[in-house]
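Notes follow once the structure below has been shown.
The values are calculated or read from the model by the stated rules, or taken from the named source; none is laboratory data. Note that this is a predicted model, so its numbers are computed, not measured. Cβ coordinates were reconstructed from backbone atoms using ideal geometry, including for glycine residues, and neighbour counts include every protein chain displayed.
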Amino acid sequence: MEYFAAIQLAELISTVFYTFVGVALMWVVWKVLDALTPFSIVKEIEEDQNMALAILIGLLFVSIAIIIAAVILS
């Protein structure tokens, strides 16, 4: 019974660790993307209601999340 508790604890710790790694990498991607664009992405989406940019950024984050998940699982 103690063996299963140890496995579950290790899985829990690794899940929390990789969650923080994934969120940190997504934050880095956001900062790089924000630095590379000549305009404010937040202003374009919130104030100017640029739906196309919002969809593009959302899909970019989904694709980056898939890449990060694939790298962490490999």
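For V21, state whether it is within 24 Å of L73 (Cβ to Cβ) and surrounded by 12 or more Cβ atoms within 10 Å (Cβ to Cβ).
Numbers: within 24 Å of L73 (Cβ to Cβ): yes; surrounded by 12 or more Cβ atoms within 10 Å (Cβ to Cβ): yes.
When the stated conditions are applied, V21 passes them.
Is it true that some residue in the stretch 5-16 is among the small types (G, A, S), surrounded by 10 or more Cβ atoms within 10 Å (Cβ to Cβ) and at pLDDT 85 or above?
No, because not a single residue in the stretch 5-16 is among the small types (G, A, S), surrounded by 10 or more Cβ atoms within 10 Å (Cβ to Cβ) and at pLDDT 85 or above.
Being more than 23 Å from E11 (Cα to Cα), loosely packed, with under 12 Cβ neighbours inside 10 Å and not aliphatic (A, V, I, L, M) is the filter here, so list the residues in the stretch 38-74 that pass it.
Matches in the stretch 38-74: P38, F39, K43, E46, E47, D48, Q49, G58, S63.
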